[in-house]
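The values are calculated or read from the model by the stated rules, or taken from the named source; none is laboratory data. Since this is a predicted model, take the numbers as computed values, not measurements. Cβ placement follows ideal geometry from the backbone for every residue including glycine, while neighbour counts extend to all protein chains displayed. Accessible surface areas use protein heavy atoms only, side chains included; no ligands, DNA or RNA. Shrake-Rupley method; radii C 1.70, N 1.55, O 1.52, S 1.80 Å.
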Amino acid sequence: MAYSAKVGPSILSSDLSQLGRECERMMECGADYLHLDVMDGHFVPNLTFGHPMVECLRRSIGPDPFFDMHMMVSRPEQWVKPMAAAGANQYTFHLEATTNPGNLIKEIRESGMKVGLAIKPGTTVEELAPWAGQIDMALVMTVEPGFGGQKFMEDMMPKVSWLRSQFPSLDIEVDGGVGPDSIHRCAEAGANMIVSGSAVVSSDDPRSVIALLKNVVIEAIQKRSLDR
């Protein structure tokens, strides 16, 4: 199997006045990557930050952390080049936000970033399927995008299971309400990239939470390989 267990804290849950330090703290606590939520106030009602913040973070914390940009924006084509220039590693756009996914995938690749493709809870996994062979990662949202602190939607797990069965080596990410209480369901369904916000960032012991999330996914991957 080509995929491995990775945990990416959602930095939007951290103290935004100390963002660079918070990113470093997450990496020191064992995070495999950082999940950065970009919201434009159009595609989702909330508003966060853009490429100038990403550029500052990259300059502050250096080249090593992998930046997974979750682009909750209505014109994802517009920000590919600025995000690549700012130091983003993966550009994850929403299928619902573009009329030409194929062109956008090509553009992201040409800019030197990995390609992620996200779907909201109301979008079927079959709509993502035609693009699965062209992307590096599929993101199955387990809450409605736009706000933190929402309840995990367990009924999204069949999407993850279907993707894992159809595309065995694809990186599959889950995002929204994921923490120690819901990680087993995500791991059993086949998710291997785990975004966790407040469960990690607001914890008194982020290192232990990251380790727990990762270990559950590692065990599920090992079990899956034995069952094949």
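Placing His51, His70 in order of accessible area, with the largest value first and a 1.4 Å probe, yields His51, His70.
Can you order the peptides 119-130, 81-92, 209-220 by their average number of other Cβ atoms within 10 Å per residue, highest first? Intermediate values should be presented prior to the final figure.
Values: 119-130: 14.7, 81-92: 21.2, 209-220: 19.2.
Order by mean packing, descending: 81-92, 209-220, 119-130.
Across the range 131-228, how large is the tail of the calculated P(r) beyond 24 Å, expressed as a percent of all Cα pairs?
Working: 906 of 4753 pairs.
I get 19 percent for the Cα pairs in the range 131-228 exceeding 24 Å.
Fully extending the segment from Arg224 to Ser17, taken as 0.36 nm per residue of separation minus the present Cα-Cα distance, adds 70.4 nm. For Trp131 and Ser111, the difference between the fully extended length at 0.36 nm per residue and the C-alpha to C-alpha distance is 5.4 nm.
So if I take the alpha carbon set of the chain, get Rg, then get Rh from the Kirkwood formula, what is the Rg over Rh ratio?
Values: Rg = 16.1 Å, Rh = 17.3 Å.
Ratio of gyration radius to Kirkwood radius for the chain: 0.93.
Under a 5 Å amide H cut-off, with hydrogens placed 1.01 Å from N, Leu139 pairs with Leu117, Ala118, Ile119, Glu173 among residues at least 5 apart or on other chains.
What length, rounded to one decimal in nm, is gained on full extension from Ser208 through to Leu47, with 0.36 nm per residue of separation minus their alpha-carbon distance? Provide the component values of the computation, followed by the final result.
Working: separation 161, 0.36 × 161 = 57.96 nm, distance 3.08 nm.
Length gained, Ser208 through Leu47: 54.9 nm.
For Ile194, Ile61, the ranking by accessible surface with the largest value first comes to Ile61, Ile194, using a 1.4 Å probe.
Projected onto their three principal axes, the Cα atoms of the range 19-129 cover extents of 38, 28, 25 Å, largest first. The lysine pair count for the chain, using Cα distances under 17 Å and pairs eight or more places apart or on different chains, is 9.
Below 8 Å, C-alpha to C-alpha, sequence gap of six or more: please give me the relative contact order for the range 62-148 in percent. Mind dumping the intermediate values first?
Values: 126 pairs, mean separation 22.7, N = 87.
Value for the range 62-148: 26 percent.
Whole-Hz Karplus values for the range 174-184 come out as 10, 8, x, x, 8, x, x, 6, 10, 5, 4 Hz, taken residue by residue from phi with 6.51 cos²θ - 1.76 cosθ + 1.60 and θ = phi - 60°; glycine and proline positions read x.
To the nearest 500 deg cm²/dmol, what mean residue ellipticity at 222 nm is calculated for the chain from DSSP H runs of n ≥ 4 alone, each contributing -39,500 (n - 2.57), summed and divided by the residues? Mind showing how you got there, number by number?
On the way: 9 runs with 85 residues, N = 228.
Rounded to the nearest 500, it is -10500 deg cm²/dmol.
Per-residue surface analysis assigns Asp205 an accessible area of about 70 Å², computed on protein heavy atoms at 1.4 Å probe radius.
Among the DSSP helices (H) of the chain, those spanning at least 18 angstrom by Cα along their long axis with an average Kyte-Doolittle hydropathy of -1.0 or more are 206-227; this is a geometric and hydropathy rule only.
Applied to the range 69-77, the Karplus parametrisation 6.51 cos²θ - 1.76 cosθ + 1.60 on θ = phi - 60° returns per-residue 3J(HN,Hα) values of 8, 9, 8, 8, 10, 7, 10, x, 4 Hz, with x for Gly and Pro.
If you take the beta carbon distance between Ser4 and Ser198 as r and set R0 to 25 Å, what does 1/(1 + (r/R0)^6) give as a FRET efficiency, to the nearest 0.05? Here the calculated transfer efficiency is 0.50.
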